[in-house]
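Working notes, beginning with the structure itself.
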Amino acid sequence: MENINLTGHFLIAMPALTDPFFAKSVTFICTHNQEGAMGVMINRPTDITYDTLFEKIKVELLNFAVADTPVLYGGPVQPERGFVLHEISAGEWDSTITIAENTALTTSKDILESVAIGSGPAKMLLTLGYAGWTPGQLEEEIKQNSWLSVQAKDVETLHKILYELDYDEKLNATMALLGVDPAMLSDVAGHA
């Protein structure tokens, strides 16, 4: 399992993972290298809306179409900081990394200023916080049956799961990529 790169993969929390931060979560891995891994949970809406968040960061939200959209809980690390997972579009922002084909993560406030006036990415998720792993930690957790990983077979499937499905449908949709019914999972790893 050494030297695997899960950038652009979904991590699905297994039933054995009872940590309340991650139970039944789907995390999209944004970077994974020798320095560790970083991702954002994509199925944990908070009670904070874009309207509330933009007011708090003192950016006037003129794009009323997104005002009631929930901000997601991205993970327990830096929960006061915003992370925007989005399709790559015509805009350019100060702090963006490309993750996978047509998918990027931006952490600079300028993308939110674009969203506020309606010129941000058409497809995006806004999270507060992220999930992080030290070098080797994620690989060890996978060996311990805490996570399943899967990559979308194409960009259309990736974008459907990230941006189009309801939050409560994302777990089953990522499991379906593996051909797994979540009801059939055990919290104990089996070895033949």
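Think of the chain as a dipole: +1 on every Lys or Arg Cβ, -1 on every Asp or Glu Cβ, centred on the Cα centre; then among T127, H86, T103, T127 lies furthest on the positive end. Solvent-accessible surface of segment 1-133, averaged per residue with a 1.4 angstrom probe and all protein chains in place: 48 square angstrom.
The lysine pair count for the chain, using Cα distances under 15 Å and pairs eight or more places apart or on different chains, is 5. Taking all protein chains as present, what is the carbon and sulfur share of the accessible area of segment 24-178, in % to the nearest whole number, probe 1.4 Å? Within segment 24-178, the accessible surface is 48 percent carbon and sulfur. Counting only Cβ charges, +1 for Lys and Arg and -1 for Asp and Glu, the dipole size of the chain around its Cα centre is about 140 debye.
Packing, taken as the mean count of other beta carbons within 10 Å per residue, orders the peptides 94-103, 9-18 from highest to lowest as 9-18, 94-103.
Taking the structure as given and computing volume of the Cα convex hull per residue in Å³, which label from [x] 100; [y] 119; [z] 131 fits? This structure yields the entry labelled [y]. Highest-first packing order for the peptide set 136-142, 39-45 is 39-45, 136-142, based on the mean count of other beta carbon atoms within 10 Å. With the charge dipole of the chain set up from +1 on Lys and Arg Cβ and -1 on Asp and Glu Cβ about the Cα centre, the Cα lying farthest toward the positive end among the listed residues L171, V115, T52 is that of L171. Here is the P(r) of segment 1-114: all C-alpha pair distances, binned every 5 Å from 0, give 2, 11, 18, 22, 21, 14, 7, 4, 1, 0 in whole percents.
The values are calculated or read from the model by the stated rules, or taken from the named source; none is laboratory data. Here the structure is a predicted model, which is why all the values come from computation and not from measurement. Every residue, glycine among them, receives a Cβ derived from its backbone with ideal geometry; neighbour counts consider all protein chains shown. The accessibility values were calculated without ligands, DNA or RNA, using every heavy atom of the protein model including side chains. Shrake-Rupley method; radii C 1.70, N 1.55, O 1.52, S 1.80 Å.
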